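Data block below; observations after.
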Amino acid sequence: MTKAATPVLAPALEWPGRTNEEWHRSRLDRFALETRKVAPLGKKTTQALPSDPQWAGQLRFIDGALAGAALDPALKAQGVVFGPLSDAPASVKKFLAATEALCDTRASSHHYQALEFGAVLYIPANLVVEKPFLVHITETRNGGLTVPHVSVQADRLSQAALVVRSDSPAHTPFTSHSATTVELADGAIFRLCDLQDHNLEAAVLDHSFARLGRDVQFFHWSACLGGGTVKTRFEFSLEGEGASLKTHGLYFGIGDQHKDLRIATTHRAPNTTSYALYKGAVRDRSRTIFQGLIEVSPQAPRTDAYLSNKNLILNDGARADSLPQLKIDTNDVKCSHGSTTGKVNEDEVFYLTSRGFSRDEARLLIAEGLFAELIDEAPEPLREELSRRVEDSLRSPPVASGSP
Amino acid sequence: MKKLTIQGLKAEIDGKAILHGVDLEMKTGEIHALMGPNGHGKSTLANILMGHPKYKVTAGTITLDGEDLLAMDVTERSKAGLFLAFQYPVEIPGVTVGKFLKRAKEIHMAVDGVKMNVTAFIKQAREDMKFLEMDANFINRYLNEGFSGGEKKRMEILQLLTLQPSFAMFDETDSGLDIDALKVVSKGINRLRSEAFGALIITHYQRVLNYIEPDQVHILYQGRIVTSGGTELVRALEEKGYDWVKEKYSVQ
């Protein structure tokens, strides 16, 4: 995929205005999509990565260039494709064109116009891969725009898992406009774990999409840790009868972080189920917005959908908004949502302090506990790191004002 | 020997007066039972001793060995050796029993300047759990989450055995327990009975006092301790019921 593949629809699309329901809580100008330029790719020095028994395959991108790659040769022999986007088979390219056509604003189509680099994972039919794949994208270029894309296609009755990590360790301002697209054919079972850990100067925009065929089981696990300004949307389209979706997400706000996260699940076939559990914590002056939309089309009777969002406000001045929304166009459904936003429960604090914990330690323990349920379901190789990361973010001293 | 002294204690919650002048003195080595009908201030007294922020003390003093208890926050009271076994222990999702117990013990050992030996702690915790007839898997469960009523009460007693406080208040720990669970809970409390431990057993029923014999019995009625005595008071209540208290001590 190169910039040459300019979409036909794109020029007709408008930037989302201030009245756009999805966008009006976030500032588009923070992403500087029209002014920031795609930075020159880093040096291309692809190396074979040493084999790591934790992963079925690994792709390492640094500054847009493929810096390392590894794939279990046995899987390659069985038809697994795991490499840079240029390796994408025709079926994946077709799906990419389809997701591009779904863009509804220029803020989404910009990704396809500026698409710079990315990874593809293709799992052939009936193949069961036990270990997860890893795509690790690191950005160090200062002041520019980076546009990565990860495309997944799992064929009929296959089973696999992928971890996508994005980070930018240096404190450099830049914009990341990413997307992950996932197409799961009938009977496929897939787990996708998305770990975003950019620096606090970064502007992170993401518009991802998954299509679930008949009897698919898809588990999406995400942690939105980094970024100064973050706006994401993940659309899940349940198109085959019996498809089942489970989504878990954790996020927190620290310093001046602004995170506007949207998941939109659409049930388009009968007997489909979705279960969503999202938890966040905010501190300092940060703000999070969780938009959770469940839509049930008339073609989706006997849908069973559940959405839960819990937010913990750790200090005055931090803000968390929870905006669950149901649109149901058929009668025979089971749909529910629950949302709680508030400070740490004082009864829980009293209980812990009565056992000798200080108030501060009690509040932290409760906050960490909130995320434990999610971390327990994260891919095994990441759990310990995630616990530590959550703990650090909650316990670190307040981040001073001044970051974007 | 330590001494916990309550004098002329008046208290309210949400502007509603509950305690109207409570006097009580407890020493380590003694077990006191506090009985009375529901809604007359038994749980209020326990919560005030522990420092629950919802209750407001409007008059009176509480001292622990001469120190002003009411000036201490909840954490300090725990570190000073107070313990409350909750009537309804809250669930703390995501925090395992093991992590919680270890840290609580560590905090209390640090008060005495002792560093924790983790191996010894784990060994002791396993023994205590066995003693309380608890499954070893409890250590990995989230604190009180999904526990049955009986399991929650056992967890309170496990914490009691772990922390070994000087004074413990048991807020209707016996309520809702079947006879087997009651025996186990009583066994736990009796194990701590010594010159270094004092307890206030708050109960509506005399049943628990068949297993833990109190040194003194007090009846709390309309926000006051209306009478104190020995186990004969328990028998009198058993025979005559709380109506007897009502007739004898009602203040209109």
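A short reminder: the numbers here are calculations on the coordinates, not readings from a lab. Here the structure is a predicted model, which is why all the values come from computation and not from measurement. Cβ: placed from backbone, ideal geometry, glycine included. Neighbour counts: every protein chain shown.
Both the radius of gyration and Dmax for the protein assembly as shown are 30.4, 95 Å, in that order, over alpha-carbon atoms. Per-residue mean of foreign Cβ neighbours for B:165-174 is 0 (Cβ atoms of other chains, 10 Å radius). Using Cα-only point scatterers and the Debye equation, what is log10 of I(q)/I(0) for segment A:206-335 at each q in 0.13, 0.17 Å⁻¹, rounded to two decimals? Values returned for q = 0.13, 0.17 Å⁻¹ are -0.52, -0.80. Could you tell me which of rounded, prolate or oblate describes chain B, using a ≥ b ≥ c as the square roots of the eigenvalues of the alpha-carbon gyration tensor, with rounded for a/c under 1.5 and, failing that, prolate when a/b is larger than b/c and oblate otherwise? Taking the square roots of the gyration eigenvalues as a ≥ b ≥ c, chain B is prolate. Placing unit charges on the Cβ atoms only, positive for Lys and Arg and negative for Asp and Glu, gives segment A:285-404 a dipole magnitude near 400 debye about its Cα centre. Working ranking of peptides B:74-83, A:66-75 by packing, defined as the average number of other Cβ atoms within 10 Å per residue, highest first, is B:74-83, A:66-75. When only alpha carbons of segment B:89-192 are considered, Rg and Dmax amount to 13.3, 40 Å. The Stokes-Einstein estimate for segment A:145-202, based on a Kirkwood radius over Cα pairs and taken at 37 °C with 0.692 mPa s viscosity, is a diffusion coefficient of 254 µm²/s. Taking a ≥ b ≥ c as the square roots of the eigenvalues of the Cα gyration tensor, segment A:17-76 is classed as oblate, since a/c reaches at least 1.5 and a/b does not exceed b/c.
A Cβ-based charge dipole, computed about the Cα centre of the protein assembly as shown with Lys and Arg at +1 and Asp and Glu at -1, lands at about 800 debye.
Annotation: amide H of residue B:21 within the under-5 Å range of B:9, B:10, B:11, sequence separation 5 or more or interchain, hydrogens built in the peptide plane. Distance from the C-alpha centroid of segment A:36-114 to that of segment A:352-374: 41 Å, rounded to the whole angstrom.
Gain on full extension, evaluated as 0.36 nm per residue between residue A:74 and residue A:172 minus their Cα-Cα distance, stands at 31.3 nm. I'd like the antiparallel share, as a percent to the nearest 5, of DSSP beta bridges with both residues in segment A:10-344. The antiparallel proportion sits near 5 percent. With the highest mean first, a sort of the peptides B:135-147, B:173-185, B:107-119 on other beta-carbon atoms found within 10 angstrom per residue produces B:173-185, B:135-147, B:107-119. For the residue pairs A:43/A:94; B:152/B:187; B:10/B:42; B:16/B:246; A:310/A:343; B:2/B:102, alpha carbon separations beyond 19 Å are given by A:43/A:94; B:16/B:246; B:2/B:102. Residues whose amide H falls under 5 Å from that of residue A:137, counting only those 5 or more places apart or on a different chain, are A:61, A:165, A:166, A:167, with hydrogens built in the peptide plane. Backbone amide hydrogens, once placed in the peptide plane, bring residue A:264 within less than 5 Å of A:234, A:235, A:236, A:293, excluding anything fewer than 5 places away on its chain. The alpha-carbon atoms of segment A:269-404, seen along their principal axes, cover 54, 33, 33 angstrom, with the largest extent given first. Magnitude of the charge dipole for segment A:10-344, about its Cα centre and with charges confined to Cβ atoms of Lys, Arg (+1) and Asp, Glu (-1), is about 460 debye. Helical content of the protein assembly as shown, expressed as a calculated mean residue ellipticity at 222 nm, amounts to -7000 deg cm²/dmol (DSSP H runs of 4 or more residues, -39,500 (n - 2.57) each, divided by residue number, nearest 500).
Of B:114, B:217, B:245, which is farthest towards the positive pole of chain B's charge dipole, taken about the Cα centre with +1 and -1 on the beta-carbons of Lys, Arg and Asp, Glu respectively? With unit charges placed on the Cβ atoms, the residue in question is B:114. Ordering B:13-24, A:125-136 by mean Cβ neighbour count within 10 Å, with the highest value first, yields A:125-136, B:13-24. Peptide A:345-351 is shielded by partner chain Cβ atoms: per residue, an average of 6 of them sit within 10 Å of its Cβ.
Normalised size of segment A:10-344, defined as Cα radius of gyration per 2.2 N^0.38 Å with N residues, equals 0.96.
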